[in-house]
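Here's the structure, in structure tokens; my notes come after.
The values are calculated or read from the model by the stated rules, or taken from the named source; none is laboratory data. Being a predicted model, the structure only gives us computed values, none of them experimental. All Cβ positions, even for glycine, are placed from backbone atoms using ideal geometry, and neighbour counts span all protein chains on display. For the accessible areas, the whole protein counts, side chains as well, though only heavy atoms, and no ligand, DNA or RNA atoms are used. Shrake-Rupley method; radii C 1.70, N 1.55, O 1.52, S 1.80 Å.
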Amino acid sequence: MNFLNRLVYPEPAERLELLRILLVIVTIIFVTYASIALIASTASAIANRISRKKGDNLFARFAHDLADLAAPSRGTILAVGVIPIITEVLIYAQLLQGVSVGVTTYLTISTVFFFFGFYFLYTYKKSWHLETIYTTFQDLASSHGGTLTREVTSDVASFERSASATKRRGGHRSAILLWIGTWIFVGTMRLAFSPRHWAHSTFLSVLFSGATIWSLFTYAVTAAAITSAAAVFFFFKWADRISMMAEPSYRAFVKRYALPVGVAAAALEPLLIFFEIQNVPEAGVTNLTFVLAAVGIFIALLVMLLFYSMMKESGINLGGYAFIGAIFLIFAWAAKNEIAFHHATENQDQVLATRYETMLASLAPPKPPPAMSGKEVYDNICSACHMFNAKKVGPPYFMTLPHFVDHMDSLENFISNPYVAVPGYPPMPKQPLKPQEVKNVAQYIMSVYLAAKKAGKAQYTQ
Ligand code: HEC
């Protein structure tokens, strides 16, 4: 992305460290939300379809609640979806500047898919609400026995039709876009920490590599675990708001569908983490990678136990812990990626640090020109008014210098701050000289005088 390259500028090494920490943080935020959006929109589209086929009200309710979970509000989608991924693109552009690798380009492409995915998700969620409003309106209107004009009722009917059309299509449209976005995102993450693939990777080879497909699978399983935890947590937290939640049949329904997914996903997780580690290129593996993997496996088992006990017992309030545990899995994943990326790109960091130094050097003010030598000062400045053996504007040096033979400091003093000295001459203007140049020229004229005197040639004409 050329335009991104123009946005970035070299940074010192410490600032790069900061960027990497920021990268882990925005990745956790983004992946947590993107996971929920991905799985909840997919599940909602499926539930919506089943409800239409079977005319089952519980499925419709489930689809509606899942849509609410996936797209809480426009502000939330911006804050935890759109802004983090854009930040991520910018950070990668910064860290990989000057490297002609597709990472930032592919990440930008995936951002576009996410963006439209989120957009359709939002309209889908809205269409559920609109449809409810229109239906309620029509019910009210018909119970009031035709107090409304036919125009209004037919308008409302057509709004309702378009809302339910959006609802029908919007669900899987957003799910498909989000799946494609995720696929590119995951492939790009892998590419980022595999520098030896940089030179010869193409967009397609990144998408269809076995490693990418495997990562996508791992990602989807983790996403299922976190969505299932979030669904249980939020649905039951909303219970007072959602009158339907109070209905035992719906509670049982949510538990029946959301919890087994969580148990299965969390149970698969340790195995996936184990293989995921095998998948990291050697350059990117450190001890910390293994520690993170071990902690990740431990947390996954814990999350699985939480889900399992929720399934067995009626106490559903463990959903919050399962949710936090699942977020930690994402943290471990993001941190592992970042460490691998960091290690695989150490050379790149050095290149950037050097580039920063070069930039600093080019920004530094030009060095002041070195002080002139005594002869240079005399030739360039003093000789305009002085000669050694004759009068010019000022008196001949052979006449004035004898006073100064043992008083070099007075001579320097005079040169830097001339005062009226020799009768019959105008005052000498102050010369723009550096202290070092004053010293140099004083020594120079004195040495010329002394040499001439020694040679018996210090005569002058006035
Ligand atoms: C624009 C002309 C001009 C320039 C340039 C000039 N001088 Fe002078 N200089 C004079 C004049 C006029 C006097 C006599 C001033 C007086 O006696 O009051 C003088 C006097 C002197 C004296 C005699 C002082 C004394 O107490 O006897 C020295 C030594 C001297 N200049 C050194 C220098 C040196 C070294 C430079 C070069 C850095 C220099 N001058 C540049 C005009 C100049």
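Give me the pairs: first residue in the stretch 45-63 and surrounded by 20 or more Cβ atoms within 10 Å (Cβ to Cβ), second residue in a helix (DSSP H, G or I) and basic (Lys, Arg), beta-carbon distance under 8 Å, and six or more apart or on different chains, which are they?
From residues that are surrounded by 20 or more Cβ atoms within 10 Å (Cβ to Cβ), the pairs are Asn48/Lys167; Asn48/Arg168.
Looking at the stretch 78-99 only, could you name the residues that are closer than 17 Å to Lys125 by Cβ and open to solvent by less than 10 Å² (accessible area, probe 1.4 Å)?
Gly81
Failed condition for Met399, given (1) part of a helix (DSSP H, G or I); (2) free of Cβ contacts under 8 Å to residues at least 24 places away in the same chain; (3) assigned by TED's automatic domain parsing to the domain that holds Lys434, with all others met?
(2)
Kindly indicate whether any position in the stretch 405-422 is acidic (Asp, Glu), at pLDDT below 80 and touching a Pro at 6+ places or on another chain (Cβ under 9 Å).
The answer is no, given that none of the residues of the stretch 405-422 is acidic (Asp, Glu), at pLDDT below 80 and touching a Pro at 6+ places or on another chain (Cβ under 9 Å).
Is it true that Pro395 is within 7 Å of the ligand (Cβ to nearest atom) and in contact with a Pro (Cβ under 9 Å, 6 or more places away or on another chain)?
no
Out of (1) within 14 Å of the ligand (Cβ to nearest atom); (2) polar (S, T, N, Q); (3) open to solvent by less than 40 Å² (accessible area, probe 1.4 Å), what's the single condition that is false for Ser447?
Unmet condition: (3).
In the stretch 305-326, which residues are open to solvent by 50 Å² or more (accessible area, probe 1.4 Å) and in a helix (DSSP H, G or I)?
Listed by number, the residues that qualify are Leu305, Tyr308, Met311, Lys312, Tyr321, Ile324.
Quick check on my filter: what residues within the stretch 405-442 are in contact with an Asp or Glu (Cβ under 9 Å, 6 or more places away or on another chain), open to solvent by less than 80 Å² (accessible area, probe 1.4 Å) and more than 6 Å from the ligand (Cβ to nearest atom)?
Scanning the stretch 405-442 gives Glu437, Val438, Asn440, Ala442.
Just to be sure I understand, how many residues within the stretch 222-257 are surrounded by fewer than 22 Cβ atoms within 10 Å (Cβ to Cβ) and at pLDDT 85 or above?
0
Has the stretch 347-370 got any residue that is over 22 Å from Lys453 (Cα atoms) and at pLDDT 80 or above?
yes
Looking at (1) open to solvent by 50 Å² or more (accessible area, probe 1.4 Å); (2) at pLDDT 80 or above, which is the only condition Leu191 fails?
Answer for Leu191: the failing condition is (1).
Out of everything in the stretch 371-396 that is under 60 Å from the mean Cα position of the chain (by Cα) and in a loop (DSSP other than H, G, I, E, B), what residue ends up being surrounded by the most Cβ atoms within 10 Å (Cβ to Cβ)?
Across the stretch 371-396, the extreme among qualifying residues is Met372.
Kindly list the number of the only condition in (1) modelled with pLDDT of 80 or more; (2) open to solvent by less than 70 Å² (accessible area, probe 1.4 Å) that fails for Phe275.
Failed condition: (2).
Any idea which of Thr76, Thr132, Thr87 is in contact with a helix residue (DSSP H, G or I) (Cβ under 7 Å, 6 or more places away or on another chain), part of a helix (DSSP H, G or I) and hydroxyl-bearing (Ser, Thr, Tyr)?
Being in contact with a helix residue (DSSP H, G or I) (Cβ under 7 Å, 6 or more places away or on another chain), part of a helix (DSSP H, G or I) and hydroxyl-bearing (Ser, Thr, Tyr) holds for just one of Thr76, Thr132, Thr87, which is Thr87.
For Lys457, only one of the following conditions fails: (1) at pLDDT 90 or above; (2) more than 9 Å from the ligand (Cβ to nearest atom). What is its number?
(1)
Quick test for you: out of Phe203, Phe185, pick the one residue that is of a type outside the set (S, T, N, Q), more than 21 Å from Ile77 (Cβ to Cβ) and touching a Ser or Thr at 6+ places or on another chain (Cβ under 9 Å).
Going through Phe203, Phe185 in turn, the sole match is Phe203.
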